[in-house]
Amino acid sequence: MIEGQRILVTGATGQVARPLAETLNKNNEVWAAARFSDAKAKEELEAIGIKTALFSMGEDDLSGLPDVDYVFHCGANVDPASPEIGMAQNAEGSGFLMQRYKDAKAFLHMSSSSVYRVPVGSSEPIHEDHELGGYASYSPHYAMSKLVSESVVRFQARALGLPTVITRLDVAYGTRGHGGVPMIIYEFMKHGMSYTRAEGGESFCSPIHEDDIATQAQSLILKAAVPAPIVNLGGDDVVSVEMIIAYVEEITGLTMNVEVGPDASWGMKVLDNTRRKELGGPCNVTWKDGIRNALAARYPNALIA
């Protein structure tokens with residue numbers, strides 16, 4: 001793990017980056033870079049010794065950001081209102097950030113498995129060289145902007161000679177932010193909302209707990225190189241949303257109203273983690289333990305079993 005370094009984490013108030021920043025802060029000097037529209041999150045980070053810096057995706061003048069050794073770039077506009085906004089903030093913004101930190105030891109760019117073009121309902125693992133051109137139904141311009149961002153990051157790694165690694169994150173979950181799919185499922189159950197199961201079958205994914213993301217990210221940034229390697233970042237368990245629903249029902253006593261339609265509520269995919277295991281080792285949190293622990297932390301009275 002990384003120790004005794006100065007580290008910048010972008011998007012550090014979010015679901016993925018906040019637990020990463022908190023983990024890194026145990027052994028390093030950490031700067032959290034974000035817009036900090038949530039003043040409470042800023043105060044909470046500073047209360048545990050994390051330094052904060054204002055950062056907006058797409059800005060070209062980043063001279064106000066601190067000098068650091070490593071950059072974990074997790075910040076992104078997850079729902080850009082147009083292609084222009086998606087490219088300006090997610091893609092060009094990543095390029096300007098790399099330019100600011102051209103002298104850093106290494107740079108990690110958190111991308112998304114949404115960049116893959118996959119058949120709906122497939123449980124076949126997707127390798128890093130799979131066909132690209134994905135689409136996220138919940139955010140029409142997101143997948144495009146993340147794919148374009150990867151191109152900018154690859155170019156800047158070579159142009160600047162900046163050791164870089166690109167990680168394609170699958171279904172992340174845990175205690176922070178909205179908690180990811182398992183926590184959203186619990187909220188659906190509490191409020192009597194329905195989940196739609198696809199007519200073609202279950203929706204499979206490789207969920208990864210926030211603790212494993214923090215561990216894997218540290219291992220993978222140490223494997224950064226030029227050209228930038230691309231690594232799938234998913235958990236080691238292949239699980240369907242329907243299996244997650246059944247488990248949450250079992251441990252909470254709640255039930256989910258499941259409907260059937262042409263498409264599932266969430267289009268999922270399973271990532272081939274061979275390369276990630278080679279570079280970063282196995283994950284440590286199994287999906288059932290991770291979901292149980294996250295539910296217990298977020299909703300102390302939720303569990304009955």
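Readers should treat all values here as calculations from the given coordinates under stated rules, not as data from a laboratory. On a predicted model such as this, the values are computed, not experimentally measured, just so you know. Quick reminder, even Gly has a Cβ in these numbers, built from the backbone with ideal geometry, and neighbours come from all protein chains shown.
Remarks
- Other residues within the sphere of radius under 13 Å centred on the Cβ of Leu20, judged by their own Cβ, net out at -1 (K and R +1, D and E -1).
- Here the average projected area of the convex hull drawn through the C-alpha atoms of the range 1-96 stands at 6.1 nm².
- Bridging of Lys269 to aspartates and glutamates at a Cα separation below 16 Å is possible for Glu124, Glu128, Asp129, Glu131, Asp170, Glu202, Asp236, Asp237, Glu242, once same-chain residues fewer than 8 apart are set aside.
- Relative to the dominant Cα principal axis of the chain, helix 142-160 is inclined by about 30°.
- Here the calculated FRET efficiency for Val258 and Asp38, from their Cβ-Cβ distance with R0 = 45 Å, stands at 0.85, rounded to the nearest 0.05.
- The range 43-198 - percent relative contact order, Cα under 8 Å, separation 6 or more: 23
- For the range 13-165, DSSP calls about 10 percent of its internal beta bridges antiparallel.
- Global size of the range 78-138 as Cα Rg and Dmax, reported in angstrom: 14.7, 43
- Mean separation of Cα contacts under 8 Å (6+ apart) over length of the chain, as relative contact order %: 19
- Our analysis of the range 157-259 gives Rg over Rh at 1.12, with the two radii drawn from alpha carbon positions and Rh computed by the Kirkwood formula.
- Length-normalised contact order of the range 160-261 in % [C-alpha pairs under 8 Å, at least 6 apart]: 45
- Over the chain, dividing the summed -39,500 (n - 2.57) contributions of all DSSP H runs of at least 4 residues by the number of residues returns a 222 nm mean residue ellipticity of -10000 deg cm²/dmol.
- Folded to 0 to 90 degrees: helix 181-190 orientation relative to the chain principal axis, Cα: 40
- Paramagnetic reach from Ile85 in the range 131-148 [backbone N under 16 Å; point 7 Å along Cα→Cβ]: 138-146
- Helix axis angle, 287-298 relative to the chain longest principal axis, alpha carbon, degrees: 80
- The GNM of the chain, with springs linking C-alpha atoms under 10 angstrom apart, assigns the highest mean-square fluctuation among Thr252, Thr215, Thr167 to Thr252.
- The Cα atoms of the range 54-169 cover 45, 29, 20 Å along the three principal axes, with the biggest extent listed first.
- Pairs from Lys51/Lys102; Lys105/Lys146; Lys42/Lys190 whose Cα-Cα separation, in the structure shown, is over 27 Å: Lys42/Lys190
- Label point distance in nm, Ser123-Phe155, each placed 7 Å from Cα along Cα→Cβ: 4.1
- Quotient of Cα Rg and 2.2 N^0.38 Å for the range 217-256, N being how many residues it contains: 1.95
- 20 °C / 1.002 mPa s Stokes-Einstein diffusion coefficient of the range 205-305, Kirkwood radius on C-alpha pairs, µm²/s: 139
- Computed P(r) (all Cα pairs; the chain; 20 Å bins; percent): 34, 59, 7
- Taking 0.36 nm per residue of separation and subtracting the Cα-Cα distance, full extension of the segment from Leu279 to Tyr138 would add 47.6 nm.
- Gaussian network model of the chain, springs between alpha carbon atoms under 10 Å - residue of Gly133, Gly86, Gly235 with greatest fluctuation: Gly133
- Nearest-0.05 FRET efficiency for Lys223 and Asp60, computed from C-beta distance (R0 22 Å): 0.15
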